[in-house]
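The block underneath contains the structure these notes are about, expressed in structure tokens.
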């Protein structure tokens, strides 16, 4: 063993980069695996986005236009599954793969082979899921929440759904274990926990959430599988089972999942705002504790998703108040981001624009979340378009904008070139305008009583649906700029030095751009770490 | 980078210790995930009895 390690150390400075397809299929390099995750996430974003455009096409006018209701339900179900498990989660894992080793001064992830395995599970999982469109009975149509008894009536695609969920879950859990183990064991000497960048902190907490809740979802769908094929009655009322129990288990996973999707965006915004304000982050430690508090609270609020199933008054009050409590640490974060900008020397490059849009629009999503937390109000809003508007404000200008901000922030580091700033600014403004045209009218539709998950609706909802659909087409088409800007940047552009942005701090900016195949083959010195941790 | 990224390259013994820590913590978190998976199924089974 010792000889083996010595041999490894002696060859550390060699570039063992394989070539051709082997570089990607057999890759154990965190940057290559990160790139594959990001390409995969982008592909899924456009497939899931295509499903969303079809949904908005059908809803452009009242009456059934193009699709039968069963296919429409399949579209809503698959849109959610693809976006959540295929676009957002792998997108964050891709960013984690790229950035965490560079930010903590490690040469690679702690478990590189596991890293390769957790990525390569995903293409199989999603090929299986998406191919369910072509089996008799069509793709799953019971909603991404997979509530029984409806989902138990799914046809030939049922086992495909269950198996793909298991595969996605396995991939996420393995990726999360890798992140936690890397952060806890691979930090450079001197990189203490409270010197870590906020992106690393938010990912550490996200990874803990993933390890705790993804197995719960896997357990729930395993029980569904046995209910369907092996005669058990976990969730089948006819045999003494309890369908509402599934909802409790699902949302025990589902609510922390919301924070799994958004916490890394908090980390990225906490990196970008100080950079473009030319000021240290206001209240670094408070930000860390706020993220930890949000993660803890996310475990004790799940039943606010299901107030209308009926529950004791004490339970309603508990879940209402604990949900409202989340506004406190979230408010701390919004306050600290704003205070970071206060009297800063601000500039508005694309990452900062996306981060600011995140700040404003995620806050709108947070406020409508507070409205939904109020039990008697929730009785009215439940299953209306108000809920759709709320979670899309959290997930699109929240999560997706946060991810785009991160890509625009670190893309010059990854490629060594500055991207087309003008085109990226166009991408921002088109996205920011159309996302509001798309989702803001859905608040009005929901408050007026339009139910979600329907392919047809009463004529009084026609105008705002048309506006929303136009916003959807505009938003969808403007996203085509994103891969084009990245592709153009990868192919060439103005070369940049170690630092793409003069206000940036962090170990990643101490490395050359693009960074070498193996990042920190020897750990950075104390001086370099102290310079990077300027918060 | 090369000039400043010098300091402590890990010794062979330290690398071995780190590999052990990595393996142990990966197994621990894997066990926690498995416990959540099985725990919830057992919980529902117990509730149904």
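The values are calculated or read from the model by the stated rules, or taken from the named source; none is laboratory data. Not measured: the values here are computed from a predicted model. Every residue, glycine as well, gets a Cβ built from its backbone with ideal geometry; the counts of neighbours run over all protein chains shown.
Brief remarks on what is shown
- Subset tally (residues that are more than 30 Å from residue A:128 (Cβ to Cβ) and either crowded, with 21+ Cβ neighbours inside 10 Å or touching a helix residue (DSSP H, G or I) at 6+ places or on another chain (Cβ under 7 Å) (or both)) for the stretch A:161-196: 11
- Screening the candidates A:451, A:512 for the property of being farther than 30 Å from residue A:283 by Cβ and within 14 Å of chain B (Cβ to nearest Cβ) yields one hit, A:512.
- Of A:187, A:195, all but one fail to be within 11 Å of another protein chain (Cβ to nearest Cβ) and over 24 Å from the mean Cα position of the chain (by Cα); the exception is A:187.
- Any chance residue A:218 is within 13 Å of chain B (Cβ to nearest Cβ) and surrounded by 21 or more Cβ atoms within 10 Å (Cβ to Cβ): yes
- Helices (runs of 4 or more DSSP H) (entirely within the stretch A:6-84) containing at least 1 residues that are modelled with pLDDT of 95 or more: A:30-58, A:69-81
- Each residue in the stretch A:418-428 was checked for being within 15 Å of residue A:348 (Cβ to Cβ) and either touching a helix residue (DSSP H, G or I) at 6+ places or on another chain (Cβ under 8 Å) or at pLDDT below 95 (or both), and 6 pass.
Matching residues to (1) surrounded by fewer than 20 Cβ atoms within 10 Å (Cβ to Cβ); (2) more than 21 Å from the chain's Cα centre (by Cα):
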{"position": "A:32", "(1), (2)": "no, no"}
{"position": "A:39", "(1), (2)": "yes, no"}
{"position": "A:47", "(1), (2)": "yes, no"}
{"position": "A:50", "(1), (2)": "yes, no"}
{"position": "A:61", "(1), (2)": "yes, yes"}
{"position": "A:65", "(1), (2)": "yes, yes"}
{"position": "A:69", "(1), (2)": "yes, yes"}
{"position": "A:73", "(1), (2)": "no, yes"}
{"position": "A:80", "(1), (2)": "yes, no"}
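- The test for being under 25 Å from the mean Cα position of the chain (by Cα) and at the interface with chain B (Cβ under 9 Å from one of its Cβ atoms) does not hold for residue A:260.
- When A:129, A:152, A:210 are checked against the criterion of being at pLDDT below 95, closer than 28 Å to residue A:305 by Cα and in a helix (DSSP H, G or I), a single residue qualifies: A:152.
- Failed item in (1) on the phi > 0 side of the Ramachandran plot; (2) buried (at least 18 other Cβ atoms within 10 Å of the Cβ), with residue A:453 passing the rest: (2)
- Test set (1) surrounded by fewer than 24 Cβ atoms within 10 Å (Cβ to Cβ); (2) more than 11 Å from every other protein chain (Cβ to nearest Cβ); (3) modelled with pLDDT of 95 or more - residue A:202 fails condition number: (1)
- Counting the residues of the stretch A:320-357 that are within 22 Å of residue A:403 (Cα to Cα) and in a helix (DSSP H, G or I) gives 20.
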